[in-house]
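Encoded as structure tokens, the structure appears first; notes follow it.
The values are calculated or read from the model by the stated rules, or taken from the named source; none is laboratory data. Since we're looking at a predicted model, the values are computed, not measured. Cβ sites come from the backbone with ideal geometry, for glycine too, and all protein chains shown count toward neighbours.
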Amino acid sequence: MNVTSHLDNLKAFVEAADYAGYDPYDALNSPLLRMLGDRSKMLRMAFTQLLRRSPVNLRPLLGVRKGHNPKGIGLFLWGYAKLYKLHGRDEDLKRMHYLLDLLEGLKSTNCSGNAWGYNFDWQSRAFFRPRGTPTIVNSAFIGHALLDCYEYTGLQKALDMAVPIKDFILNDLHRTHEGDTFCFSYTPADTDVVHNANMLGASVLARLNRYADDPRCEDAAVSSLAFSMKYQQNDGSWYYGNTRAYRWIDSFHTGFNLQALKYILDEGHAGEYADAYEKGVRFYAERFFLADGTPKYYHDQVYPIDIHAPAQAICFFSQAGERYKDLADRILTWTLANMFSCKGHAWFRKTRYGTNRIPYMRWSQAWAFHALTEHLLATAEARPAQHLQPDGANLSLSN
């Protein structure tokens, strides 16, 4: 498998598009659908699901314009930071400067600190989130990207943008308390208990604790993590959330939980959860992949095969050490063979009956870019005869 050639094609595709595109959930960016659904939650949900499920892209006909999604821009930034660490190329540094400027302009307004939402209105089963409503998930992923960007390149702007994320998480989000633990809300507009969101928020606070003179970061990271760890099942899994409507176990949110926990452990916190982490990793590795590397959506169901599932798995298992190298390679090989167009972009989903080939920018391209760059960096770091220079110089890979 030639990961580098796939990445080069994907990189050319997203750069030609200026990182702008459609999203599976952007139906309400249509002036017509937004007007028709103005007074009806059910219509807004129906329009969103119709466009998300349709294998034909109806958005141009409905007036939906391509846009820059903040989370997608953060994932692209993350990928270029990893490429810079690998190669030390000026071209990747220039791309990072451009993407940092884009992120600066895409910040949500009226927040205590830096935060990001989506570039579309979003109607869930529980509530309506207007365009730009900041989320803990977006802000945490972007925060990790900014911190790695700073650590790999020394770009002060990346750190300056990352540190104020703590103020959004600590000041603007609701907390569901249980004893001396609590769960952060997904947005300032709700109080839902969603474990991957809570743990991702905890993980970025744990990393920010090194850079921010704010003891609340460590205290909140440990307390919010403890909340979600109470809900880890005996087999190592987590339900998506605590309400009946959220009682499912899927692949990429499991990966998010474990990645968040690993960040916190790596920062030297919450060592009492080391065994729970290993149990979770075993569940993830054993229950979500077929023998040939095919990623399942749920622990007990294969379809739909969503690009998020292999992308997060490649990111996680590429960094999980020699024990999981074969699994990471099998997932990667399957993904390159089954989820990429000959034109270079990644596909959205496979079902039993066909493949949705709409080239969504945030959901598909940004996650694929993040995954392939993570694999290349992990491969380089694992080679005993080579090492990365402090300036990220001169490692060329073609595996």
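If I go through the stretch 123-155 residue by residue, how many of them are among the hydrophobic types (A, V, I, L, M, F, W, C) and part of a helix (DSSP H, G or I)? Before you say what the answer is, go through the steps one by one.
Residues of the stretch 123-155 among the hydrophobic types (A, V, I, L, M, F, W, C): 126-128, 136-137, 140-142, 145-147, 149, 155.
Within this subset, residues satisfying the condition of being part of a helix (DSSP H, G or I) are 136-137, 140-142, 145-147, 149.
Of the residues in the stretch 123-155, 9 are among the hydrophobic types (A, V, I, L, M, F, W, C) and part of a helix (DSSP H, G or I).
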Item to complete: For LEU28, indicate whether it is closer than 29 Å to ALA337 by Cβ, touching a helix residue (DSSP H, G or I) at 6+ places or on another chain (Cβ under 6 Å), buried (at least 20 other Cβ atoms within 10 Å of the Cβ) and modelled with pLDDT of 95 or more.
Response: no
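Please specify each residue of the stretch 267-282 satisfying the condition of being of a type in the set (A, V, I, L, M), more than 22 Å from LEU147 (Cβ to Cβ) and surrounded by 12 or more Cβ atoms within 10 Å (Cβ to Cβ). Walk me through how you get there before you give the answer.
Taking the stretch 267-282 as the starting set, the residues that turn out to be of a type in the set (A, V, I, L, M) are 270, 274, 276, 281.
Still in the list and also more than 22 Å from LEU147 (Cβ to Cβ): 274, 276, 281.
Within the stretch 267-282, ALA276, VAL281 qualify.
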Worksheet item: Is it fair to say MET45 is surrounded by fewer than 21 Cβ atoms within 10 Å (Cβ to Cβ), touching a residue at least 60 places away in the same chain (Cβ under 8 Å) and of a type in the set (A, V, I, L, M, F, W, C)?
Response: yes
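Could you count how many residues in the stretch 6-32 are part of a loop (DSSP other than H, G, I, E, B) and touching a strand residue (DSSP E or B) at 6+ places or on another chain (Cβ under 7 Å)?
We begin by selecting, within the stretch 6-32, every residue part of a loop (DSSP other than H, G, I, E, B); these are 17-20, 22-26, 30.
Adding the requirement that they be touching a strand residue (DSSP E or B) at 6+ places or on another chain (Cβ under 7 Å) leaves 20, 25.
Number of matching residues: 2.
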Discussion item. Quick check on this structure: which one of ARG207, ARG247 is of a type in the set (D, E, K, R) and more than 28 Å from GLY293 (Cα to Cα)?
Written reply: ARG207
Worksheet item: Given ASP18, ASP90, ASP101, ASP8, which one is surrounded by fewer than 16 Cβ atoms within 10 Å (Cβ to Cβ), more than 23 Å from the chain's Cα centre (by Cα) and among the acidic types (Asp, Glu)?
Response: ASP90
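Which of the following residues is surrounded by 14 or more Cβ atoms within 10 Å (Cβ to Cβ) and touching a Ser or Thr at 6+ places or on another chain (Cβ under 9 Å): GLY72, GLY79, GLY67, GLY63?
On the way: GLY72 fails: touching a Ser or Thr at 6+ places or on another chain (Cβ under 9 Å); GLY67 fails: touching a Ser or Thr at 6+ places or on another chain (Cβ under 9 Å); GLY63 fails: surrounded by 14 or more Cβ atoms within 10 Å (Cβ to Cβ).
Only one candidate passes the filter, namely GLY79.
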Worksheet item: Taking GLY113, is it in contact with a Phe, Trp or Tyr (Cβ under 7 Å, 6 or more places away or on another chain) and outside any loop (DSSP other than H, G, I, E, B)?
Response: no
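Based on this model, can you work out whether ALA206 counts as of a type in the set (A, V, I, L, M), touching a Phe, Trp or Tyr at 6+ places or on another chain (Cβ under 8 Å), crowded, with 23+ Cβ neighbours inside 10 Å and within 25 Å of TYR118 (Cα to Cα)?
Numbers: of a type in the set (A, V, I, L, M): yes; touching a Phe, Trp or Tyr at 6+ places or on another chain (Cβ under 8 Å): yes; crowded, with 23+ Cβ neighbours inside 10 Å: yes; within 25 Å of TYR118 (Cα to Cα): yes.
Here the answer is yes, as ALA206 does meet what is asked.
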Item to complete: Inspect the stretch 231-247 for any residue being farther than 19 Å from THR191 by Cα, among the hydrophobic types (A, V, I, L, M, F, W, C) and modelled with pLDDT of 95 or more and give the result as yes or no.
Response: no
Worksheet entry | Selection within the stretch 246-299 - under 18 Å from LYS325 (Cα atoms), of a type in the set (Val, Ile, Thr) and either touching an Asp or Glu at 6+ places or on another chain (Cβ under 8 Å) or not in a loop (DSSP other than H, G, I, E, B) (or both) | VAL281
